[in-house]
Structures are given as structure tokens and as C-alpha cells.
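Written below as C-alpha cells is the structure these notes are about.
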Amino acid sequence: MRRFVTLLSLLFFFNAITFAQHSAVTDAASAEVAAAAVHKLSKAITFRTASDLNEEEVKYSEFLDLHAYLEGAFPALHQQLQKKVINGYSLLYTWLGTDPDLPPVLLGAHMDVVPVEEETKEDWQQQPYAGVVKDGYIWGRGAMDDKYRVIAIMEAVEQLLQQGYHPERTIYLAFGHDEEVGGTAGAGKISEYLQEQEVRLEAVFDEGLAVAKSVLPGIDEPIAFIGTAAKGGINLELKVKGEGGHSSAPPRDTPISILSAALNRLYDNPFEARMIPTTKETMELMADKMGGKYRFAMRHYGLFKGKVLKMLAKDRATDALIRTQMTPTFLESGDAYNVMPRVATAVLNIRILNGEDQHTVLKHVKKAINDERVQVEVKGVYTPPSPITTTDTWTYAALEKSIRSIFPDVALVVPALFPGSTDAKHYTSLTKNIYRFAPQVVTREDAQLVHNVDERLGVEVFLKSIAFYKTLVRNTCGDLPLQVVLQEEPILLPDVTND
Ligand SMILES: [Zn+2]
């Protein structure tokens, strides 16, 4: 079981992810086309489209400038697709299919990035908004999360158009502008618009998990993880009020002691461990590959359930896959050393496992605290856990086929629970088939560059992601024979600086 733990602990590090490839898929695109595509991503990075919870900090004009840049960079796309600006700054493109009876697919990505923290500015090897291409990497904020996918999707469409491809099935390209702060104003409004048009989607393809390298002991080939479910989230504020006064003659219970006891009881009463169908499928597929006692344990899960869950609970990454997690992320009380505080407050950040909701979570928390002096209140937006996407559909098969043709050395394609949250949550009413997968090969170190200093993407990883989206479009929206050329030699491209 340890192997499961090692492997699954990687899942936790995915959010948008990364590289380590030695071959490039060029899909017959010339070095010139490849260089131009890299230049487009490098340019897109120069727009400071940082999200911020404080709206006054957001430079909205940068989004408009990015829109204008995209218009010039993808001429065929802008000529042949319908473009609609949603809520001022998000983009929705419609590529009409030849068969109006086929439900459309949606390719989603986001144009916003997380801000560059002021105190880290000097730590970057390349300036975060310079869009430098150097040493085989495209550097900067958004290179991994998520501008590369915006550009890869648009470039794939541009190349397909130039090759004379016509989809049978309508395709939406949906690019939100506030994913990093919840996506309500972007993807949320795009979804509302599609609902108003009474659109039913066949499938949504968004960011999420990825291809993980060297994770199973004894198996060198990478494994592709597709996020077919995502956890929900809620923040609960715990508040205790007291009488205040001088601290020389204190009562036995104060707001701080009452709140501390409540937090301790929550610590002692975690949510129950259980395996949702998605995680069970993940484990079964991997156990099958690993053979021996692992396969035996999963084939007789009913018998070994307790043992399996106990093993998974030992590692915090795998523990996150089998239960609702709660952790205090905020604590506040007191103004002076010798004054009894009138109030003590904590906030619990809770990640909700599929099968539960805000009511069951609230019930568990109140029961565990078991003290009416502690007021519990929901803070901010509640995100329910996602519905579970099943794997017995043709769209799952098409995605798997696309992954296998672009990443031919993957040993397994596995559905898995995505512990984070993306724009996909806004599309759940439009389709049952939501896939959270970023076409990158990932190592643990690379994954840590997401939202971090020195965010960068391998040039070849980027080129491969373009080929991936071309293939995915063909496999879901009608195929027109086109040779995918796997080129073993890396393409040599010039470095770029955007001065
Ligand atoms: Zn993202």
C-alpha cells in the first residue's frame, strides 16, 4: 500500500503543472510555425492580467489589450469563429459545426493569473511579465497557469483552420478572466449565457490534473490522471463572545479558552474516511498495473477496506482524497495584554468530499464542537463538490485516445479526484461530462512552480499541448485524416525578449 501513497501524494501537487519532455510532437507544423506559436505565448505573458479579490487592484485595461493582441495573433480564428465578449473581459468563441444536431464541446482556460508578490519581484531569474524565452523555457507569470492553455487552444484552432478543417460538432472556446478568485464574473457568466441559449454540452475540457512521471516504483512510464471529480469548499467562522473586563480576576471560561477547546474537539473529530467511486477506480487501475498484493487488496476491497483506508490516511495528500478536510486558517482575539477580549474568532477552511454538502458539514462541525457558546457562520461562497463524471462514455474514450497519441509512453490513463477548484465548477449544469486535465508531463518540482517564483514552461511541452488540442478536437468533433508526426529531435528555437 505504500506505493499507493507515494503515487497519490503527487496528485496533491497538481494544479496546472509542467514539463520534462525530450521529444516534440510537431503535428507537421514547421519550425517557423512553432517559433511563431512560442512568440504568441511569450507576448500573452506580457499583459498584466492579475486577478485580485480587491477589484480596484485589477488592471482591466490589460485584459482589453490582451483581447486586441489575440485578434491580431489569430487572424483565421477571428475571421471564422464568432467572438462574444462576456461581462466585459471574458471571451467566448463559437466554432459552428456542420451538424447542428450534435451537442457542442467546450474547451475552457483562463486569461487571468495570480499576482506577483511585491517582495518576490527580485527573486525571479527572468522578469515575471517580460515573456522571456530562454534555455528552452517560456518564462513568466501565466506560463503554466493558464495562459499556455489559452494560447495552445487558440493556436490549435488556427492551425486546423489553415489546414481546412471543419468540425462536425460545434466547439466553444471559453476563456474566463477571474478563475483565480472564483470565476464567478467570468466562467460563471459564460455559463449563464450558454444556459440562456439553452445549450446542452457534450463535454467540457478544463485544466486540472496532468501526466505524472516516474511515480510508480518499478514502472518508468508516466501515468495520465484525468480529474473526473472535484472537491467542494466552504469557510466557516467560529465566534465566541465574552464580557471583557480586567484580566486580574478572570472567569474560568474566556472567549479564547472556549474557542481553543472547540478547535481541539474538531481536531479530535475528523470527518469519516471513505472512498468515492472515482478514487476506487483510480486505485483499482493502479493496483492492477502493480499486480501482487495490491491487485489482490483492491479486488477484495470489501475485505481490506479498513486497511486500505488506514494506509491512505497516513499521508496527508492521500488523506485528502478520502475525507472532507477542515483546517483553521484564521485566528483573532485580544487587543491588550491585561484586557479580557470580548470576542475570539477563527475561520475553518473546509474541502468537502463528494457525497457531502454544506448542511452535512455544518452538522458535523456543530456536533463536534458541542458548545452553544460557539457561533458557527458560513463566510463567503459555498462551492458544492462536483458531480462525478463517469468513464464509460465515448468522450472519455476520445480524451484517453488523444492522451495516448500525444503521450505514447503513458502506462495508464486513470480517472482521479481533483482536490482543487477550477472554472469547471461553473459548467456543471451544462453537461455531465467534465474533464479536468492539462496536457503536460509533470514532476513534483515542476509542479511547485505554479503560482510561484520562476513560473516557466518548457518550449517542447507547450508545442506538444498544441498538438494535443488539435488531436482532441479531431477526436471529439469529427476527424479529417491528418498525420501526427512524433519528432524525436527537439526543435531549436531562438530566444525571445519582448523589449
Ligand atoms: Zn489555473
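Before moving on, here are some points about what is shown:
- Net length gained if the chain between residue 61 and residue 327 were fully extended (0.36 nm per residue, minus Cα distance): 92.0 nm
- Taking all protein chains together and rolling a 1.4 Å probe, residue 78 ends up with roughly 30 Å² accessible.
- Annotation: amide H of residue 454 within the under-5 Å range of 125, sequence separation 5 or more or interchain, hydrogens built in the peptide plane.
- Dipole magnitude (debye, nearest 20) for segment 364-449, charges at Cβ of Lys, Arg, Asp, Glu: 220
- Alpha-carbon Rg/Rh ratio, for segment 222-325, with Rh computed the Kirkwood way: 1.22
- The fraction of Cα-Cα pairs per 20 angstrom bin, counted from 0 for the chain, comes to 22, 52, 22, 3, 0 percent, rounded to whole percents.
- Heavy-atom accessible area ranking, 1.4 Å probe, most first, across 497, 324, 393: 497, 393, 324
- When +1 charges are put on Lys and Arg Cβ atoms and -1 charges on Asp and Glu Cβ atoms, the dipole computed for segment 315-418 relative to its Cα centre reaches about 120 debye.
- Probe 1.4 Å, accessible area per residue of segment 226-323, Å²: 52
- Cα-based shape type of segment 93-209, given that a ≥ b ≥ c are square roots of the gyration tensor eigenvalues and the cut on a/c is 1.5: oblate
- Rounded to 5, percent antiparallel among DSSP beta bridges of the chain: 65
- Label point distance in nm, residue 36-residue 71, each placed 7 Å from Cα along Cα→Cβ: 2.0
- Spin-label model, residue 360/residue 247: points 7 Å from Cα along the beta carbon direction are separated by 4.2 nm.
- Take the Cβ atoms of residue 54 and residue 257, set R0 to 41 Å, and the FRET efficiency comes out at 0.75.
- Projecting the Cα atoms of 266, 69, 393 onto the dipole axis of the chain, where Lys and Arg carry +1 and Asp and Glu carry -1 at the beta carbon, places 266 farthest toward the positive end.
- Nearest-ten-degree value, helix 255-268 long axis tilted from longest Cα axis of the chain: 60
- Computed FRET value (nearest 0.05) for residue 220 with residue 123, which takes r as the C-beta separation and R₀ as 30 Å: 0.30
- Within the accessible area of the chain (1.4 Å probe), percent carbon and sulfur: 49
- Mean residue ellipticity (222 nm) of the chain, computed from DSSP H runs ≥ 4 via -39,500 (n - 2.57), nearest 500: -11000 deg cm²/dmol
- Placing +1 on the Cβ of every Lys and Arg and -1 on the Cβ of every Asp and Glu, with nothing else charged, gives the chain a dipole about its Cα centre of roughly 2220 debye.
- Qualifying lysines (Cα of each under 20 Å from Cα of residue 367; at least 8 residues distant if same chain): 239, 241, 379
- 3J(HN,Hα) along segment 136-146, derived from phi through the Karplus expression 6.51 cos²θ - 1.76 cosθ + 1.60 where θ = phi - 60°, amounts to x, 10, 9, 9, x, 5, x, 4, 9, 9, 9 Hz, with x in place of Gly and Pro.
- Equivalent ellipsoid semi-axes, segment 326-415, via Cα gyration tensor eigenvalues times 5, rooted, Å: 46, 17, 10
- Ordered by solvent-accessible area of protein heavy atoms (1.4 Å probe), largest first, the residues 60, 129 come out as 60, 129.
- Sorting 373, 295 by accessible area puts them as 373, 295; the probe is 1.4 Å, largest comes first, and only protein heavy atoms count.
- Sites residue 267 and residue 299, calculated FRET efficiency, Cβ-Cβ separation with R0 30 Å, nearest 0.05: 0.25
- Principal-axis tilt of helix 60-73 within the chain, Cα atoms, nearest 10 degrees: 20
- Its Cα gyration tensor gives segment 158-259 an equivalent ellipsoid, and the semi-axes of that ellipsoid, as √(5λ) in whole Å with the largest first, are 50, 26, 11.
- Across the options 152, 193, 136, the greatest Cα extent toward the positive end of the charge dipole of segment 133-213 (unit charges at beta carbon of Lys, Arg, Asp, Glu) belongs to 136.
- Heavy-atom accessible area for residue 311, with the other protein chains in place and a 1.4 Å probe, reaches approximately 40 Å².
- Maximal additional length on extending the residue 452-residue 375 stretch stands at 24.1 nm, based on 0.36 nm per residue less the C-alpha distance.
- Using alpha-carbon coordinates, inclination of helix 277-290 to the longest axis of the chain, degrees: 60
The values are calculated or read from the model by the stated rules, or taken from the named source; none is laboratory data. As the structure is a computational prediction, the values presented were derived from the model and not from experiment. We place every Cβ from the backbone using ideal geometry, glycine too, and count neighbours over all the protein chains shown. Each accessible area value is taken on the protein alone, full model and side chains, heavy atoms only, with ligands, DNA and RNA left out. Shrake-Rupley method; radii C 1.70, N 1.55, O 1.52, S 1.80 Å.
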